[in-house]
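Below: the structure, in structure tokens.
Where a number appears in this text, it was derived from the coordinates with a stated rule and is not lab data. This is a predicted model, so every value here is computed, not measured. Cβ placement follows ideal geometry from the backbone for every residue including glycine, while neighbour counts extend to all protein chains displayed.
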Amino acid sequence: MSERMLQERAADALRRDGRIDASRISVAAKGGVVTLSGRVGSYAEKAIAARIVTALPGVRHVEEDLGIACRRPSPSVDHAIALRARVRLLRSPTFPGGIEVTVRNGRVTLKGCVANWHQAALAEAAVEDIRGVTGVDNLLTIGSAPANGPQPRPASRMH
């Protein structure tokens with residue numbers, strides 16, 4: 001498939017998907033690598049755009065250089081995001097509690113200990129689409145640490 005055709009298919013797939021506004025996303029393709037640049041309305045749209053293009057035949061890799069076009073976060077917005085994130089995590093039967101949520105300038109940081117990698121990924125997914133979130137730092141650790149033993153391993157950053 002030619003680079004131009006891949007570029008057109010990626011742009012068309014983004015325009016057809018109703019979950020994102022693709023009008024401010026530019027697409028380039030070279031050697032199976034598709035680069036997305038521009039601005040989207042939320043962190044969730046950013047992740048969705050990358051997933052849409054990654055799923056296309058002929059795409060080997062997606063370079064994502066998308067910014068988030070939103071109003072400058074304020075302490076009250078950060079507080080509201082943190083509250084929504086905590087409520088989502090507490091209401092989920094997947095998480096035993098104890099996940100610490102902090103937010104600064106719309107960027108959510110998750111800290112604490114979960115049982116496995118799957119729970120760490122689910123915790124991130126639970127908060128990434130909250131309105132106003134500009135990014136997620138997943139600093140959750142896996143397993144429990146004995147009092148004088150080695151510390152739990154940190155989960156890798158998901159985004």
0 to 90° range, to nearest 10: angle between helix 117-128 axis and the chain longest Cα axis | 70 degrees
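Nearest 5 is fine: what % of DSSP beta bridges in the chain come out antiparallel, could you say? Write down the numbers at each step before the final one.
Numbers: 13 of 29 bridges.
Around 45 percent antiparallel, to the nearest 5.
Shape verdict for region 1-40, please, from the Cα gyration tensor: rounded (a/c under 1.5), prolate (a/b greater than b/c) or oblate. Don't skip to the answer; put the middle values down first.
Details: a/c = 2.98, a/b = 1.65, b/c = 1.80.
Oblate shape, in that a/c is at least 1.5 and b/c is the bigger or equal ratio.
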Ellipsoid equivalent to region 1-95 - semi-axes via the Cα gyration tensor, in Å = 31, 16, 10
Could you work out how far apart the two model spin labels at ALA28 and GLU8 are, taking each label as a point 7 Å from the Cα in the direction of the beta carbon, and quote it in nm?
-> 2.0 nm
Relative to the longest principal axis of the C-alpha atoms of the chain, give the angle of the C-alpha long axis of helix 75-91, reported between 0 and 90° and rounded to the nearest 10°.
-> 70 degrees
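Report D for the chain in µm² per second (integer): Stokes-Einstein, Kirkwood Rh on Cα pairs, 20 °C, 1.002 mPa s. It would help to have the intermediate numbers written out before the result.
Values: Rh = 17.1 Å.
Result for D is 125 µm²/s.
For the chain, give the magnitude of the charge dipole about the Cα centre (Cβ charges: +1 Lys/Arg, -1 Asp/Glu; no others), in debye to the nearest 20. Working shown, then result.
On the way: 23 positive and 15 negative charges, 54 e Å.
For the chain, the charge dipole is close to 260 debye.
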How big is the gap, in Å, between the Cα center of region 83-98 and the Cα center of region 1-72?
-> 31 Å
HIS79 paired with ASP129, simple spin-label distance in nm, labels 7 Å along Cα-to-beta-carbon = 2.8 nm
To the nearest 10 degrees, how steeply does helix 43-54 sit against the main Cα axis of the chain, on a 0 to 90 scale?
-> 50 degrees
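Run lengths n ≥ 4 of DSSP H only: what is the helix-derived mean residue ellipticity at 222 nm for the chain, with -39500 (n - 2.57) per run over all residues, to the nearest 500?
On the way: 4 runs with 55 residues, N = 159.
It lands at -11000 deg cm²/dmol.
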Report the longest stretch of the chain that contains none of the trypsin sites (Lys or Arg not before Pro) sitting in a DSSP loop with at most 13 other Cβ atoms within 10 Å.
-> 72-156
